[in-house]
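Nothing in this text is a laboratory measurement; each read-out follows from the coordinates by a stated rule. Everything numeric in this text was worked out from a predicted model, so none of it was measured. Positions of Cβ are backbone-derived with ideal geometry, glycine not excepted, and every protein chain shown enters the neighbour counts.
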Amino acid sequence: MSLDRPGRLRRSAAMRAMVRETRLDMRGLVQPIFLVEDDALAGAIPSMPGVERIAIGQLEREAERLRAAGVEAILLFGVPRVKDAAARSASDEAGVVSQAIRRLRERWPECLIATDVCLCAYTDHGHCGMLRGGAIDFDASLERLAAMAVAHAQAGADLVAPSAMLDGAIRAIRAGLDAKGHRELPIMAYAVKYASSFYGPFRDAACSAPAFGDRRSHQMDPANGDEAIVEAAADLGEGADILLVKPGLPALDILRRLHERWPGVPIASYQVSGEYAALVAAAERGWIDLRRCALESLLAARRAGASIIVSYFADRVRDWQEESKG
Ligand code: PBG
């Protein structure tokens, strides 16, 4: 590329394609699925138009739809019927996520099934761990998280994704999995999860908003960047195989720093519910082009160094790319 005329290589579509550095394909894209045990909760999520909560009975049809859309990986979030202070249903081997994995395994064997490992949808107070005296009870919570990961592993999950951001969770989950013979099951750790305001629609979707207080005591302060390196190093040290950074666009600088620091470690970006909702809402008003803006955001995550991207748009990417070609 010439220093005085870089534009020479941009003059035709074929030329631009030839020198393009980053490509977005279905590999590495992960579609989240909200699975509800209570059929009455199935259906549209008002703050996330285009995303639905799926009941177990609808799972086969949903899997067929996603497979036809070219999706190769999914991330399961369970919404149990029963919530209690100890999040008991989280580690139930007959729980909603375990049931779903067993059904999917048979029908869609080549799909990569990842599961969310966090207690917020399973506790009656909506916090990510069990509480004692108003604060997170770490010992009890880590034990429950490890048991939850084991339940998913027994059901046949390919990857577990601990998202609670509780100190020591990766070590506890790794030890729990190893003890039950799941040494080869990788962990995708939400190593850097900011206490972001972009998670609002997700909490509607997963019925997991905290009944009081917030998550600032364990999720990271969005003002901090160097601290993210400490968090990521800690998770790697505890046995994380993949590091996840969340939210997506607002934290791409951090994702890039992790990528440069550990070039061989796969890094995932999570384009979260609020980012999704903002794009969809602006497009509904006719203010932006949804397809172009969504694809550009996903491409930006790739360019920053994400090999994996979790996105509620994953099931539309292949069709959109076909359309952009035509
Ligand atoms: C916690 C979890 C959350 C998200 C993923 N896992 C919510 C939270 O931390 O409050 C948010 C994802 C999104 O906003 O799309 N289990």
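Determine the distance separating the Cα centre of the stretch 10-83 from the Cα centre of the stretch 257-292; give it in Å without decimals.
Using only Cα atoms, the two centres lie 14 Å from each other.
Of 280, 223, 192, which is farthest towards the positive pole of the chain's charge dipole, taken about the Cα centre with +1 and -1 on the beta-carbons of Lys, Arg and Asp, Glu respectively?
Working it through, the farthest residue towards the positive pole turns out to be 280.
How about the stretch 73-131: which trypsin sites (Lys or Arg not before Pro) there lie in a loop by DSSP and see at most 16 other Cβ atoms within 10 Å?
Answer in residue order: 81.
Please build a GNM for the chain, connecting alpha carbons under 10 Å apart, and tell me which residue among 278, 87, 153 fluctuates the most.
278
Using 0.36 nm times the number of residues separating residue 13 and residue 103, minus their current alpha carbon distance, what extension gain do you get?
Full extension from residue 13 to residue 103 adds 28.0 nm.
Viscosity 0.692 mPa s, temperature 37 °C: give me the Stokes-Einstein translational D for the stretch 243-284 in µm²/s, with Rh taken as the Kirkwood radius over C-alpha pairs.
Translational diffusion coefficient: 296 µm²/s.
What residues have an amide H closer than 5 Å to that of residue 30, excluding those fewer than 5 places away on the same chain, when H is modeled at 1.01 Å from N in the peptide plane?
Distant-sequence amide H within range of residue 30: 309, 310, 311.
Take every Cα-Cα distance within the stretch 134-263, group them into 10 Å bins from 0 onward, and report for each bin the whole-number percent of pairs it holds.
12, 41, 37, 11, 0
Could you please rank 298, 66, placing first whichever residue has the fewest other Cβ atoms within 10 Å of its Cβ?
66, 298
Name the residues whose placed amide hydrogens come within less than 5 Å of the amide hydrogen of residue 190, ignoring near sequence neighbours (fewer than 5 apart) on the same chain.
Sorted by chain and number, the residues that satisfy this are 244.
Over all alpha-carbon pairs in the chain, figure out the percentage whose distance exceeds 36 Å.
16
Check which residues have an amide H placed less than 5 Å from residue 117's amide H, if you skip close sequence neighbours.
Those qualifying (amide H under 5 Å, at least 5 residues apart or on another chain) are 161, 163.
Principal axis lengths of the stretch 1-130 from Cα atoms, whole Å, largest first?
In descending order, the Cα extents are 65, 33, 27 Å.
Need the full-extension length gain, residue 139 to residue 323, defined as separation in residues times 0.36 nm minus the C-alpha distance. One decimal, nm.
61.1 nm
From the gyration tensor of the Cα coordinates in the stretch 62-125, what semi-axes in whole Å does the equivalent ellipsoid have, largest first, with each one equal to sqrt(5λ)?
In descending order, the three semi-axes are 26, 11, 9 Å.
So what are the ³J(HN,Hα) numbers for the stretch 110-117, from phi and the Karplus equation (6.51, -1.76, 1.60; θ = phi - 60°), rounded to whole Hz, Gly and Pro as x?
So the J values, rounded to whole Hz, are 7, 6, 8, 9, 9, 10, 6, 10.
Which one, 80, 119, 104, projects farthest toward the positive side of the charge dipole computed for the stretch 78-125 from Cβ point charges (K/R +1, D/E -1)?
Result: 104.
Relative contact order for the stretch 223-305: what is it in percent, counting Cα pairs under 8 Å that are at least 6 residues apart?
Taking the mean separation of contacting Cα pairs over the length of the stretch 223-305, I get 30 percent.
Taking only C-alpha pairs under 8 Å that are 6+ residues apart, what is the relative contact order of the chain in percent?
18
With a length cut of 30 Å (Cα positions projected on each helix's long axis) and a Kyte-Doolittle mean of at least 1.0, go through the chain and give me the DSSP H helices that pass.
none
Give me the net charge for the shell around residue 229: Cβ to Cβ below 10 angstrom, other residues only, Lys and Arg +1, Asp and Glu -1.
-1
Please give the length that would be gained between residue 61 and residue 230 if that part of the chain were fully extended, namely 0.36 nm times their separation in residues minus their C-alpha to C-alpha distance (nm, one decimal).
Contour length minus the Cα-Cα distance gives 56.6 nm.
Could you put 18, 188, 148 in order, starting from the residue whose Cβ has the fewest other Cβ atoms within 10 Å?
Least to most surrounded, the residues fall as 18, 188, 148.
When a footprinting reagent is the concern and you count Cβ atoms within 10 Å, what order do 112, 104, 252 take, fewest first?
112, 252, 104
Note down the nm distance, to one decimal, between modelled labels 7 Å out along Cα→Cβ at residue 278 and at residue 265.
2.7
Could you check the spin-label model distance between residue 203 and residue 287? Points 7 Å from the Cα along Cα→Cβ, value in nm.
2.3
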